[in-house]
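Visitor: Sharing a structure below in structure tokens format, with a few things to ask.
The values are calculated or read from the model by the stated rules, or taken from the named source; none is laboratory data. Remember, predicted model here, so these are calculated numbers, not experimental data. In this analysis, Cβ positions are derived from the backbone assuming ideal geometry, glycine residues included, and neighbour counts consider all displayed protein chains. Each accessible area value is taken on the protein alone, full model and side chains, heavy atoms only, with ligands, DNA and RNA left out. Shrake-Rupley method; radii C 1.70, N 1.55, O 1.52, S 1.80 Å.
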Amino acid sequence: MACCAPVSGLPSQPATDRVRLDEFDFDLPKEAIAQHPVTPRDSARLLVVGDGLADRHVRDLPDLLRPGDLLVVNDTKVLPVRLAGKRGAVAVSVTLHTDTGDGCWRAFAKPGRRFRVGDRVDFADDFHAMVEAKDPSGDILLRFDLPQDEFVAALQRHGGMPLPPYIRRAEFEGGDLTDYQTVFAEKNGAIAAPTAGLHFTPDLLQRLAERGIGCARLTLHVGAGTFLPVKAEALADHVMHAEYGIVDAETAAKINATRQAGGRIVAVGTTSVRLLESAVDDDGVVHPFEGDTSLFITPGFRFRAVDRMMTNFHLPKSTLFVLVSAFAGRERMRAAYAHAVAGGYRFYSYGDACLLSPEGTAI
């Protein structure tokens, strides 16, 4: 499928040279960072940011949305690409982050300085790779001589989930293989979960459907950029990493029909937001899309595809907090996050969520 619409929004981006990263900083106590998810998933708290703030739970979504609304979720599936192995007698760890084709993957490696081109890295008796190249940045290129299906099966046997560094694990925990995967996960390719989707359960989806709230799927494979901090002081100087996404014709048609019928598009997660806003034209029509998007959404952006957003609580000075501030208003989001910290909400990937409306509107 070819991309049938240009990446939209770029002409509507503000002059970000005057917007600085430190304007999106906030204090967060370490104890607010969730290390494990709640059970059941939809018992997570949900901060509703509308014409005020309301403390609810994810299980309340059917009552918060309207019949005729459409949830748009990301069905990417996280591969267990965190591997522990040995280079000779030396213990090493690698996290695969970019599939370059022909059995090769770029990877973060520790200790990176010890790797040499031509080294063999053993992850198990039946699973190893050769170092094909080494980047000055410290990345290495590994070649796996396995067919794709056998490679994925080997990852499932020997790999761990590529959890963000703020989730502390002394070693792999088996529960993360399911905890760090959404109920929608279907298409292999992500190295990080679209975390807003982690809160959904089959029971919640059934109650949403009974309420007349639809669900459509797209795919955005979350990539290496999710691990990298923003280093530029001015937002205009930050370069987003491209991520591969697909909006198929069926999903595009559902979105457009919902809009025409007066329903609202509720994007689940910032990944869904970025891909939808990459596939929409100036008239608000979403088109089928397949390809990379590096859309960086900053304050002043004109949203054309998304009416409401459900998302987790994000890192200070991150592109994700910049995005939600662009959608709901920076001061409004700072107030919402201050409320969440004071109220004991759980932050980041395994944490709680919020439901956002654009500034000046109610949920």
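Visitor: Pairs please, first residue from segment 187-210 and on the phi > 0 side of the Ramachandran plot, second anywhere and in a strand (DSSP E or B) and polar (S, T, N, Q), Cβ atoms under 8 Å, 6+ apart in sequence or on different chains.
Guide: Gly189/Thr76; Gly189/Thr219
Visitor: What are the residues in segment 193-229 that are surrounded by fewer than 19 Cβ atoms within 10 Å (Cβ to Cβ) and assigned to a loop (DSSP other than H, G, I, E, B), if any?
Guide: Residues satisfying the conditions are Thr201, Arg211, Gly212, Leu228, Pro229.
Visitor: Can you name the condition, by its number, that Ile213 falls short on among (1) of a type in the set (A, V, I, L, M); (2) within 15 Å of Arg274 (Cβ to Cβ); (3) over 16 Å from the mean Cα position of the chain (by Cα)?
Guide: Going through the list (1) of a type in the set (A, V, I, L, M); (2) within 15 Å of Arg274 (Cβ to Cβ); (3) over 16 Å from the mean Cα position of the chain (by Cα), Ile213 breaks only (2).
Visitor: Additional query: Would you mention how many residues in segment 101-121 are out of contact with any helix residue (DSSP H, G or I) (no Cβ under 8 Å at 6 or more places or on another chain) and either over 23 Å from Leu163 (Cβ atoms) or loosely packed, with under 12 Cβ neighbours inside 10 Å (or both)?
Guide: 10
So that you can scan it fast, the table gives a plain yes or no per residue for (1) modelled with pLDDT under 95; (2) assigned to a strand (DSSP E or B); (3) crowded, with 20+ Cβ neighbours inside 10 Å:
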| site | (1), (2), (3) |
| --- | --- |
| Ala253 | no, no, no |
| Gly262 | no, no, no |
| Arg274 | no, no, yes |
| Pro299 | yes, no, no |
| Ser325 | no, no, yes |
| His339 | no, no, no |
| Ser349 | no, no, yes |
| Ile363 | yes, no, no |
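Visitor: Oh, and also: Could you check, for segment 234-243, whether at least one of its residues is of a type outside the set (Gly, Ala, Ser), modelled with pLDDT of 95 or more and either in a loop (DSSP other than H, G, I, E, B) or touching a Gly at 6+ places or on another chain (Cβ under 6 Å) (or both)?
Guide: Taking every residue of segment 234-243 in turn, none turns out to be of a type outside the set (Gly, Ala, Ser), modelled with pLDDT of 95 or more and either in a loop (DSSP other than H, G, I, E, B) or touching a Gly at 6+ places or on another chain (Cβ under 6 Å) (or both).
Visitor: Let me ask you something else. Test Arg157 against the criterion of being part of a loop (DSSP other than H, G, I, E, B) and surrounded by fewer than 20 Cβ atoms within 10 Å (Cβ to Cβ), and give yes or no.
Guide: no
Visitor: Can you tell me which of Leu70, Leu142, Leu61 is surrounded by 18 or more Cβ atoms within 10 Å (Cβ to Cβ), of a type outside the set (Phe, Trp, Tyr) and in contact with a Gly (Cβ under 7 Å, 6 or more places away or on another chain)?
Guide: Just one listed residue meets the conditions, Leu70.
Visitor: Related question: Which fully enclosed strands (runs of 3 or more DSSP E) of segment 40-130 have 1 or more residues being out of contact with any strand residue (DSSP E or B) (no Cβ under 7 Å at 6 or more places or on another chain)?
Guide: Counting at least 1 such residues, we get 90-101, 120-124.
Visitor: So, in segment 1-56, of the ones that are of a type outside the set (A, V, I, L, M, F, W, C), in contact with a helix residue (DSSP H, G or I) (Cβ under 6 Å, 6 or more places away or on another chain) and at pLDDT 75 or above, which residue ends up most open to solvent (accessible area, probe 1.4 Å)?
Guide: So the residue we want is Arg41.
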